[in-house]
Amino acid sequence: MATGQAPSNPVPAMRTYPPVEHPVVVIGPQYLAQYPVELAVSTKLWTLGENDFKVSDINGTVIFQVTKKLFSLTDRRFLKDAAGNTIVNLKRKTELDVFLANHNEGELPDFKVKGEYGESACSVLLGDSNTMLAQMHKRHSLASTILNPDSLGVNVYPNVDYAFIVALVVILGQINADQNGKH
């Protein structure tokens, strides 16, 4: 360093993730977008007889809703499209490695979730790779802090089935609630 020059600030390291080579379709191709999809998951909405929350795009348009019958013998949740049609029926599990129905025993998981759900950041990866599919994070805007402090932001990468990512968010939310004694 030459005399009289201020030391330069170090550049923070950046983790890079390879792009998705092929579209990731789990629920259906109608839930793929050629661009990153930003979703907001609003939890703790209560209606008579159901425990609901909604998933909206950045314009506030409801894309999905999740319902749970409160007075039911089974602990199931239903991911529905904006028209109210059930597209996924979810049963509570506690694993964070995701294995699809056609998975062979002993193989690596089809998807992996890393990070702390609802605290800072959580990532969905393709199998055991570093291929990033989506990221979840607490929303920190003034409006979300005041109006819905339990709101999560979800960024789904291009060509990734965003309905499937929302289904994972629901499962992770239940796991988090169980671990915190809120179930």
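Quick notes
- Counted residues, segment 45-79 - those being modelled with pLDDT of 85 or more and over 16 Å from the mean Cα position of the chain (by Cα): 3
- Considering each residue of segment 20-33 in turn, none proves to be in a loop (DSSP other than H, G, I, E, B) and at pLDDT below 75.
- Matching option when the condition is outside any helix (DSSP H, G or I), open to solvent by 30 Å² or more (accessible area, probe 1.4 Å) and at pLDDT below 70, among Glu107, Glu95: Glu95
The values are calculated or read from the model by the stated rules, or taken from the named source; none is laboratory data. Please read all numbers here as calculations on a predicted model, not as lab measurements. Quick note on the areas: whole protein, heavy atoms, side chains included, nothing else; ligands and nucleic acids left out. Shrake-Rupley method; radii C 1.70, N 1.55, O 1.52, S 1.80 Å.
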